[in-house]
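One structure is given below, encoded as C-alpha cells.
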Amino acid sequence: MEMSKPQSFFQDIRSRELHGFRAPKRPYISGLASDFYEIGAIAAEHNGPPMAISFGKTCKNSHIVAMSDEDGYLSLFDTRRKFSASASFQENADKTKVCDWVAHQNAVFDVCWIKDDTQIMTASGDQTIKVWDIQEKKCTAILMGHTGSVKSLCPHPTNPEIIVSGSRDGSFALWDMRCNSSSKNIHGEIAICSTAVVKGAHLFPRAKRVRRGKAASMSITSVLYLKDEVSIATAGAVDSIVKFWDTRSLKNVVTQTSPHLESTEKERRLHGITSLSQDLNGVFVSASCMDNRIYLYNVLQLQKGPMQSFSGCRIESFFVKSIISPDAAHILSGSSDGNAYIWQVNRPQEDPVILKSHDGEVTAVDWSHFEVGKMATSSDDFTVRIWNSQNSYCPSTTSPSVIRRRVMAIPGAECRKLLMNESMHTSKDSGNLCLSDDGLDESSSRKPIKMPKISTPQSQKKQSMADSDFIETFEKTPELRCRALLLF
C-alpha cells in the first residue's frame, strides 16, 4: 500500500499559517532604574540554596511563586501578602508561605506548572520527574528513564499531558502522561516511561575523551517546547549551539543556530548555554551563554543567527539563568557578581538596569505572566527577592495569541519557491493532519473571501494614512516589526 508523503515544514507554513495573528497592545516598562523596586525578600528555610523559581501560569495564581532547593523541598509563596520592612527574611517567609513539602531526596533543578496550575512538576538530581497534586501535596506520577540528573522541563504549549525534559545524561525525552504504566511503586505512584528519547543530542561528531580520562561534557542544560506545537529547542553545556527538532521525526536535527555562524567548531566549544526561554507569542528565543552574553533569536530567521545580544552580566556557572519577559519587552538575568540585570529588548545598546540586593550569585529568575513588571530573583545567599515596576498592572485579558509558524529548516531559495508555488499538494494521511484550535483541518479549510473595496477618493486617502500608521506601530518593537514584514 502506497503511503502518502508527509508534509514538509514549509508546506505546513503555507497551508496553515499564512494568515498570522494581530499583535495585541502591550504595556511597556520604562528602562529607568527608579521604576524598579524591591517588594521584599523571602528566606530559603532549609539547608540548601534555591535552585529554581516559577510564578503560576494562570491569572488566578500569577502571584504565587514556587521555589525548589538543593535539599529537595518545594515551597509556594504568596507575593501579594504585605512584606514588612522591619521583618526578617525568615519572618517574611513564614508570613507569605502557602505550603511546602519534600518533593525529592535530592536537589530539584527545575519546576513547571501544568493543568491550570493544579499540578506542578519537579525535575531532580535523583534522575526522576515527579507530578504533584498541589492541593493534596501528593505525588500522582513519576517519570523514569533518564540516567542522569534531570536539568530542565517544559510542557507542550497547549497540551499539558505532553512534556519534554533534558538531562545531564546528554538526552532529551518526550513524555505523554496519558500513556501511563499499570505498575506502581511502594508509595502508590504511577510509573511513566518516555515515548521518545534522543541520546547524545549535543555531542560533537568526533567527540573525544579529554584529559585525565574524563568524558567530554554532554549535558542538556535547557529544553523548550516551541509555540508551533511540534518543534523543540535544546541547548547544552558542550557548546553555544541551539538545536531545533521536529517531534514528528526525531531522527535528525531540523536546523541549528549559534552566536557566530562562521566560527570554527573549536571556538563554539568554548562556551555552553545555561538556559533558554521564549516569549508568550513564540517569536523569540533567548539563550544565556557562558561567554557572558545573552543572545536573542527570531525563530523565523534562525539562519541569520542572533538578531541581538546583551552584555553586562557575568555568567560563570550553569546555575545562572535568564528569561525574556512574556511581552518580549525585557530580558532579566542573574549574574555571578551578585546582581540581577534587566535589558530593554528594543534598546540592546543601552546599559542594563542593575538590581542590587543579593549577597551571592544570582541564579534562577522569573517574570509573572499576568502581573506585568513583577519578577523574582533567587541567590546563593539563601533568599528569593520579589521586585516590581511602578508601571505594572494586572490585565484582565487573556494571554495574546501565539504565532504558530514552523521553524525554518529549508534554504531560503527553496522556501520561496515552495511558498510561491500555487499548486500545493496536501497529505491525505489522516495521521499527518494538523488541527487548528477549533479542531478543524486547516490544510483543507477554505481561503478567506476577499470583498471588493468600494470607496471614494477621500476614504481611500484616509485608509492609506491608517495603513501607514498601522505599519509604523508595528515597527516600534522587534517582534511586531517581524510580524509587519510577514503581513505586508
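The values are calculated or read from the model by the stated rules, or taken from the named source; none is laboratory data. Worth saying up front: this structure is predicted, and the values here are computed from it rather than measured. Please note: Cβ atoms are built from the backbone with ideal geometry, for glycine as well, and neighbour counts cover all protein chains shown. What goes into the accessible areas is simple: the full protein's heavy atoms, side chains included, and nothing from ligands, DNA or RNA. Shrake-Rupley method; radii C 1.70, N 1.55, O 1.52, S 1.80 Å.
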task: May I ask you to derive the FRET efficiency for T195 and A43 from their Cβ-Cβ distance with R0 = 56 Å, giving the value to the nearest 0.05?
output: 0.90
message: Solvent-accessible area of E350, probe 1.4 Å, all protein chains present, reported in Å² to the nearest ten, please.
response: 80
- request: Would you kindly compute the Cα radius of gyration of segment 277-392 and its largest Cα-Cα separation (Dmax), both in Å?
  value: 13.4, 41
task: For Y297, Y73, Y37, write out the residues from largest to smallest accessible area, computed with a 1.4 angstrom probe and no ligands counted.
output: Y37, Y73, Y297
message: What number comes out for accessible area per residue over segment 277-392 if the probe is 1.4 Å? Units Å², please.
response: 30
- line: Share of accessible surface on carbon and sulfur in segment 277-392, whole %, 1.4 Å probe and ligands ignored, is 42
